[in-house]
Amino acid sequence: MDDKLLYQTLLLAILAMALIRPILKLFLIRPKARLPPGPWKLPVIGNMHHLVNVLPHRALRDLARVHGPLMMLQLGETPLVVASSREMARKVLKTHDASFATRPKLLGGEIVLYGWSDITFSPSGEYWRKLRQLCAAEILSPKRVLTFRHIREQEMASEVDRIRAAGLSTPVDLSAMFHNIANSIVARASFGNVQRNADEFLSALKTGVILTSGFKIPDLFPTWRPMLAVVTGMRRALEEVHRTVDTTLEEIIRERKGVRVEKARSGGGVAAEAEEENLVDILIGLQDGGGLGFNLNENTIKAVIFDMFTAGTGTLASALSWGMSELMRNKRVMNKLQGEIRQAFHGKVTVTEADLQSSSLPYLKLVIKETLRLHPPAPLLVPRESIDECEIEDYMVPAKSRVIVNAWAIGRDPKCWEDAEEFKPERFENSTIEFHGNSYEYLPFGGGRRMCPGIAYSIPFLEIVLVQLLYHFNWLLPDGVPEVDMAEAPGLGVRRKSPLLLCATPFAIPESMF
């Protein structure tokens, strides 16, 4: 073969490989790199039509029954991967936890939360790790939560008195009462008192939560987000929320700093009344002390307080509403729980958290577990975002995909739970399943490194409220109401659609017990 023919042959071979290699690569890799299955899509909007005018946790559960426990939807420009089984939750929250450890940068987090400075939405990294460590050690530790015990006791005592004063014939709106209790307790624990503009502040917080859901159109089309945020009015609404929240928190911080200065001048010292410190005081003290390994500035303090309110009010109020609803539908459980509580406290006029801690109330704990199984505070866990491509069960999850775990669907999965739709607290007897995110069929507080850090805060709150209501009162449905309406309100939070109205009859404490 002459040199010319050899060169031509080599050139043709190179060109052939250059053309064939991408084709071969496509066919060879495709079976391993296939995307998770999902429902049919429309141009531009993708699968957005599947989530219009529906309850998202239920709609996604129904789609998963067709397409599998790991499925992908396309919401506008945003890939959304949904895990709907114990096994897929384990893959996301444990096996590939590091790959899904960050949060999507939503517009609400940028505007309302000071550039994603809070615990919930801050991106994965050193800042988030230090902030979470700070919250676990100083803000939401069991020891710190214990210092707010008197606040929970006082607020519940006031509610008990109000229920007594309402009389037997006046139904009590327990849904509203639970929200009021939660708001008052968080406000006193955070600020030391309830603010003068509390209604405006709480309304702004509620709007902020709705606008940071991740399902708003500007957040689903990142390329067009600046324009869409203006056209839809979302930016203006977020800026109004930010102004209200920022002004309120700025005033509180300034006031608490003034109190600290005054104490120092009077010689009392800041530590003299440590037991009365609220969360703002604690954060200011940590800011002054320094040495935290990151910049704890005023914006971070505001963002942390925002998280405390949004995580510690609506979710717990909703859990209590569903818990009382389930008890009213299950008289056997109600009678058993009331019997345990009333026997434990032997006719005491008042019941304190110290009484709860010194008493064994195993059935109360089972009831709370079962309530959170059927009605998790966050039915769809806060969205994560894949940092890089990640392979799960031969499916490739693309980088920058939004990832959601449907905790509500997993908690009702008949593959994990016998009689999954039934309210049976006894299922947790002799069970090792706990709240801490290690049992992937049970995720009321999430799991992995981004799980909710507020367990130590939430459980004492649920316990004291239920104990006080069930110890002091017997409960009935109002006349003419045959059964509890269990319909869910639209939205991501799974609230009751209608308020829970019940009539209370005070429980007579035997005189011989005094």
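Rule-based calculations on the coordinates, nothing more; no lab input. These figures come from a predicted structure and were not determined experimentally. Using ideal geometry, Cβ is built from the backbone for each residue, glycine included, and neighbour counts are taken over all protein chains shown.
Listing for the model above:
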{"quantity": "FRET efficiency for T350 and L168, using Cβ-Cβ distance with R0 set to 25 Å, rounded to 0.05", "calculated": "0.70"}
{"quantity": "Subset of K216/K400; K216/K302; K130/K263; K216/K497; K143/K331; K41/K94 violating a 28 Å alpha-carbon distance limit", "calculated": "K130/K263; K143/K331; K41/K94"}
{"quantity": "Spacing of the two label points (7 Å from each Cα toward its C-beta) at E250 and K263, in nm", "calculated": "2.5 nm"}
{"quantity": "Sites R149 and K415, calculated FRET efficiency, Cβ-Cβ separation with R0 56 Å, nearest 0.05", "calculated": "0.90"}
{"quantity": "Sparse-neighbourhood loop sites, GluC sites (Glu not before Pro) in region 427-458 - DSSP loop, at most 13 other Cβ within 10 angstrom", "calculated": "E429, E434"}
{"quantity": "Within the chain, helix-based [θ] at 222 nm, where runs of 4 or more DSSP H residues each add -39,500 (n - 2.57), nearest 500", "calculated": "-16000 deg cm²/dmol"}
{"quantity": "For E391, residues with placed amide H under 5 Å, excluding near neighbours", "calculated": "V397"}
{"quantity": "L35 paired with A157, simple spin-label distance in nm, labels 7 Å along Cα-to-beta-carbon", "calculated": "6.0 nm"}
{"quantity": "Residues of type lysines that K336 reaches as a straight line, Cα spacing below 24 Å, ignoring anything fewer than 8 places off in the same chain", "calculated": "K348, K365, K369, K424"}
{"quantity": "Shape category assigned to region 223-352 from the gyration tensor of Cα positions, a/c cut at 1.5", "calculated": "oblate"}
{"quantity": "Simple Cβ-charge dipole of the chain, Lys/Arg +1 and Asp/Glu -1, about Cα centre, in debye nearest 20", "calculated": "1080 debye"}
{"quantity": "Least to most buried among H57, H150, H96 (fewest other Cβ within 10 Å first)", "calculated": "H150, H96, H57"}
{"quantity": "Computed over the chain: relative contact order in percent, which uses C-alpha pairs under 8 Å that are six or more apart", "calculated": "24 percent"}
{"quantity": "Sequence ranges 70-78, 119-127, 161-169, ranked by mean other-Cβ count within 10 angstrom, highest first", "calculated": "70-78, 119-127, 161-169"}
{"quantity": "Linear extension gain, Q343 paired with E422, 0.36 nm per residue minus alpha-carbon span", "calculated": "25.8 nm"}
{"quantity": "Rounded if a/c under 1.5, otherwise prolate or oblate - region 408-480, Cα gyration tensor axes", "calculated": "oblate"}
{"quantity": "Extended-chain gain in nm, criterion 0.36 nm per residue less alpha-carbon gap, R65 and D288", "calculated": "74.9 nm"}
{"quantity": "Separation in nanometres of the label points that stand 7 Å from Cα toward Cβ, at K206 and K497", "calculated": "1.9 nm"}
